[in-house]
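The values are calculated or read from the model by the stated rules, or taken from the named source; none is laboratory data. Given the structure is predicted, the values throughout are model-derived calculations rather than measurements. Cβ coordinates were reconstructed from backbone atoms using ideal geometry, including for glycine residues, and neighbour counts include every protein chain displayed. SASA here: full protein model, heavy atoms, side chains in, ligands and nucleic acids out. Shrake-Rupley method; radii C 1.70, N 1.55, O 1.52, S 1.80 Å.
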Amino acid sequence: EVESAVPALEKRAAFEAFKATISGPNGKLTAAMKGMKDVPKEDKPAMGKLLNETKQQIEALYAATLERIEAAETAEKLGPPIDPTLPCPDIASGSLHPLTQTRRLMEAAFRKVGFTVAEGPELETEWFCFDALNTPEDHPARDAQDTLFLPEAAAVDNVTKHGSERYLMRSHTSTVQIRAMMKEEPPLRIISPGRVFRRDTTDATHSANFHQMEGLYVDKNVTVVDLKAILDYFVAEIFGKGSTVRLRPSFFPFTEPSFELDMKTPNLGKLSNQWIELGGCGMVDPNVFRHVGYDPEKWTGYAFGMGIERIAMIVHGIDDIRYFYQNDLRFLQQFA
Ligand code: FA5
């Protein structure tokens, strides 16, 4: 009976129901087993053997049936059969943003010569952005025309404000110089890439929100020669040997002497063959060391801050900074 019934069983519930009629408490096989007690003694061994064999055969049929039902259930869940050897549709993969690529390129160049990456918050206090960097109270950079300040009542969890100073969006990554020096004793060799904010009017080379990479080296007897050497090394790594750079005397409150680092653009469309400002640099002002508790008689250092967009523009020949922020796939896909 089991042999002839199981091929028709297709669902688990029907199988269980049928199984109960044979092996359940009131099933036929169960009844036959119970009937053993009425079998004459001399027939018991033969009958017992027969029943056991039957039981084993039935169980093998159950197992095979269950396996068949489970396979059908799985096939139903998986849906129509597929051929995994067929070629897949063309799935476009994403790629890193050109600014991320440039940042990594710059980081790699500096890491090679012993710099490590330091980080600081984008939302800062006036002290880290200006006071500790020797920037006087009346310096124009502090003006609300140039810097984005938070409302007086703003409450910020991760940055502590002292006294009446204001919160602001950092206008340069030089804030991380201060944070790094307060955290670690000299000698120190760090870079710090990150986003900065200014109330600049947007044009082909300016954006109100852009990226800088800061560099700071503090040790004994550091001179302008070391500064020039690292910048020469850097531009050769990024743009190849023979790139034309110049240091132009300038002023920053936190360096003395200070310079602007310019580079002659090679292949920049509208901006070809012009001097473009990559960043500022100079020798760390002794007053900055005093603010972080370094002895200016003992320690010397250089610092620089470069615009990451400006570097990316020269590397890729991009003549307008605004392309970086528009997320136009026709632009982004060129860097995949
Ligand atoms: C500074 O921000 C100084 N903190 C740099 C510095 C660091 C000097 C350490 C000395 C020692 P500056 O404002 O010039 O300097 O900006 C540095 C670079 O950021 C510029 O040369 C330029 O490459 C880039 N940059 C400045 N403003 C913008 C802007 N609006 N859009 C895009 N890039 C900008």
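Does residue 226 count as in a helix (DSSP H, G or I), open to solvent by 50 Å² or more (accessible area, probe 1.4 Å) and away from the ligand (no atom under 16 Å from the Cβ)?
no
Every residue in segment 295-317 that is open to solvent by 10 Å² or more (accessible area, probe 1.4 Å) and more than 9 Å from the ligand (Cβ to nearest atom), please.
Of everything in segment 295-317, those that are open to solvent by 10 Å² or more (accessible area, probe 1.4 Å) and more than 9 Å from the ligand (Cβ to nearest atom) turn out to be 295, 296, 297, 298, 299, 300, 315, 316, 317.
Could you pull out the residue among 199, 179, 195 that is assigned to a strand (DSSP E or B) and within 24 Å of residue 258 (Cα to Cα)?
When all the criteria are applied, what remains is 195.
Hey, any hits in segment 133-144 for a residue that's touching a residue at least 60 places away in the same chain (Cβ under 8 Å), buried (at least 19 other Cβ atoms within 10 Å of the Cβ) and not in a loop (DSSP other than H, G, I, E, B)?
Yes.
For segment 149-159, name all the residues that are part of a loop (DSSP other than H, G, I, E, B) and either within 25 Å of residue 303 (Cα to Cα) or hydrophobic (A, V, I, L, M, F, W, C) (or both).
If the condition is that a residue be part of a loop (DSSP other than H, G, I, E, B) and either within 25 Å of residue 303 (Cα to Cα) or hydrophobic (A, V, I, L, M, F, W, C) (or both), then 150, 153, 154, 155, 156, 159 are the ones that fit.
Looking only at residues in segment 84-107 that are free of Cβ contacts under 8 Å to residues at least 24 places away in the same chain and either assigned to a helix (DSSP H, G or I) or touching a Gly at 6+ places or on another chain (Cβ under 8 Å) (or both), which one is farthest from residue 178 (Cα to Cα)?
Per the criteria, the residue is 100.
Given the structure, is residue 200 surrounded by fewer than 16 Cβ atoms within 10 Å (Cβ to Cβ) and acidic (Asp, Glu)?
So residue 200 fits the description; yes.
Within segment 229-245, work out how many residues are away from the ligand (no atom under 12 Å from the Cβ) and within 27 Å of residue 289 (Cα to Cα).
Residues in segment 229-245 being away from the ligand (no atom under 12 Å from the Cβ) and within 27 Å of residue 289 (Cα to Cα): 5 in total.
Can you name every residue in segment 229-261 that is open to solvent by less than 30 Å² (accessible area, probe 1.4 Å) and β-branched (Val, Ile, Thr)?
230, 235, 238, 255
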